[in-house]
Amino acid sequence: MSRPSAEAVLLVDGYNIIGAWPCLKKTRDTAGLEAARTELVEAMTSYSSFLGYDTQVVFDAQYQNACGNIEIITELLSVHYTDFGQTADTYIEKACASLRYQIAQSRHARVIVATSDRAQQLMVQGYGAEWLSAQQLCGEVETMVCRMRQKYQSRKQSKSRFLVNSIDAKARQRLAELRMGFNK
């Protein structure tokens, strides 16, 4: 089964974002790196779902003696752990280079890289990718959360808890007649 065509591919430099977002930095410092990774992945799950982005969160295993692997979180979100000795920057640059051809063939409308690393920004823009700073991504995620809350709140407020308020006036009248014992 093939994945749906996403509006954009979003590549997220995971540790760079964790170090730049105050809430994730606080989580990292109090609860540990694993908790901060989980929090970032949860935020990106909602964000990618809301926008329809094919999102790849990349964590480097540069100092870990492990093989790289990929965790599929949702249809639109995956977490990529790089190979031993490979940085997230290198992984993202290679991804941008390969996605460059997919953009030319119109498989993806855009490639966006989220990082605050200035050198990486220049490199990925050279491949035709867009750049989003960690602060911009944080702001967009917060805006998306607020929009989802408002949407949920308005939907929740518009529906009364009584069934009678969701049916038309004629049906309400008929129910009142039945309740009063008027059988026509």
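The strands (runs of 3 or more DSSP E) found wholly in region 19-138 and carrying at least 1 residues that are open to solvent by less than 70 Å² (accessible area, probe 1.4 Å) and closer than 26 Å to Arg149 by Cα occupy 54-59, 77-81, 110-114, 130-132.
What about Ile70, is it touching a residue at least 60 places away in the same chain (Cβ under 8 Å), among the hydrophobic types (A, V, I, L, M, F, W, C) and in contact with a strand residue (DSSP E or B) (Cβ under 8 Å, 6 or more places away or on another chain)? It is false that Ile70 is touching a residue at least 60 places away in the same chain (Cβ under 8 Å), among the hydrophobic types (A, V, I, L, M, F, W, C) and in contact with a strand residue (DSSP E or B) (Cβ under 8 Å, 6 or more places away or on another chain). Looking across region 53-81, the residues that are among the hydroxyl-bearing types (Ser, Thr, Tyr) and over 17 Å from Val9 (Cβ atoms) come down to Tyr63, Tyr81. Within region 59-101, the residues that satisfy the criterion of being modelled with pLDDT under 90, farther than 18 Å from Gln120 by Cβ and of a type in the set (S, T, N, Q) are Gln64, Asn65, Asn69.
The values are calculated or read from the model by the stated rules, or taken from the named source; none is laboratory data. What you see is a predicted model, and the numbers here were worked out from it, not measured in a lab. Please note: Cβ atoms are built from the backbone with ideal geometry, for glycine as well, and neighbour counts cover all protein chains shown. Ligands, DNA and RNA are stripped out before the accessible areas are found, and what is left, the full protein with its side chains, is counted by its heavy atoms. Shrake-Rupley method; radii C 1.70, N 1.55, O 1.52, S 1.80 Å.
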